[in-house]
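Novice: Dumping the structure here so I can ask a few things about it.
The values are calculated or read from the model by the stated rules, or taken from the named source; none is laboratory data. Quick caveat: nothing in here was measured; it's all calculated off a predicted structure. Glycine gets a Cβ as well: all are built from the backbone with ideal geometry, and neighbour counts include every protein chain shown. We work out accessible area using only protein heavy atoms, side chains counted, and drop any ligands, DNA or RNA first. Shrake-Rupley method; radii C 1.70, N 1.55, O 1.52, S 1.80 Å.
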Amino acid sequence: LGDGVGDKQYRSILSFNTASLPDTAVVTKVTLKIRVYGALVGNNSPFSWGQGLKADVCRGAFGTNALQLTDFNYNNVTNCKLLAGTFGNVPVSGWYSATIVNTAWSKINKTGLTQFRLRFTRDDNEDGAADYWRFYSGDYATATLRPTLIIEYTVP
């Protein structure tokens, strides 16, 4: 996440199967966590120039289930909530966390896929060089390092 050579913005999509939630679940808190993989690429951390790492959420997919170029700017307000959360700028034990706002909880899909799109508010820092952080992916071999979605809920 950050920018590449030529100041092209890097975004990420995370997919979670949230179908195991009970149909009657009442969401009370949602937290998304990602873990840093390695060191900063470049000299300027996007956490210093990017004006905040944001999370958008979609009930279902950002477009289609297969990752596509159009997912980068997909903004269907019926299925998605933009600016659903902001990650803190300082990791705790290598983990960055975002608490998802309650107005986005309805976008958590109780019958299938929920996706999050991660992006910095500012798309690049205009230096022409790559400046980005890498994070562990959802298919990383060690499950305890993968992105984590924590959904707290009650059942009436």
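Conditions tested, residue by residue: (1) of a type in the set (A, V, I, L, M, F, W, C); (2) touching a Pro at 6+ places or on another chain (Cβ under 8 Å).
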residue	(1), (2)
1	yes, yes
29	no, no
49	yes, no
67	yes, no
100	yes, no
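Novice: Evaluate the following for residue 101: is it β-branched (Val, Ile, Thr), at pLDDT below 95, at negative phi and surrounded by fewer than 17 Cβ atoms within 10 Å (Cβ to Cβ)?
Specialist: No: the conditions fail for residue 101.
Novice: To continue, here is another question. Looking at region 104-127 only, could you name the residues that are open to solvent by 50 Å² or more (accessible area, probe 1.4 Å) and either under 13 Å from the mean Cα position of the chain (by Cα) or under 25 Å from residue 9 (Cα atoms) (or both)?
Specialist: Residues satisfying the conditions are 121, 122, 123, 126, 127.
Novice: Kindly indicate which of 2, 50, 6, 94 is on the phi > 0 side of the Ramachandran plot, in contact with a Lys or Arg (Cβ under 6 Å, 6 or more places away or on another chain) and either small (Gly, Ala, Ser) or modelled with pLDDT of 95 or more (or both). Please lay out each step first, then the result.
Specialist: Numbers: 2 fails: in contact with a Lys or Arg (Cβ under 6 Å, 6 or more places away or on another chain); 50 fails: on the phi > 0 side of the Ramachandran plot; 6 fails: in contact with a Lys or Arg (Cβ under 6 Å, 6 or more places away or on another chain).
Within the list 2, 50, 6, 94, the selection yields 94.
Novice: Considering only residues of region 108-156 that are assigned to a strand (DSSP E or B) and polar (S, T, N, Q), which is farthest from residue 34 (Cα to Cα)?
Specialist: Looking at residues that are assigned to a strand (DSSP E or B) and polar (S, T, N, Q), I get 154.
Novice: If you take the residues of region 83-94 that are touching a residue at least 40 places away in the same chain (Cβ under 8 Å) and more than 19 Å from residue 10 (Cα to Cα), which of them is most open to solvent (accessible area, probe 1.4 Å)?
Specialist: It comes out as 91.
Novice: Name the pairs whose Cβ atoms lie under 8 Å apart, with the first residue in region 57-82 and part of a loop (DSSP other than H, G, I, E, B) and surrounded by 11 or more Cβ atoms within 10 Å (Cβ to Cβ), the second at pLDDT 90 or above and of a type in the set (Lys, Arg), and 6 or more positions between them or separate chains?
Specialist: 62/117; 74/117; 79/59; 79/107
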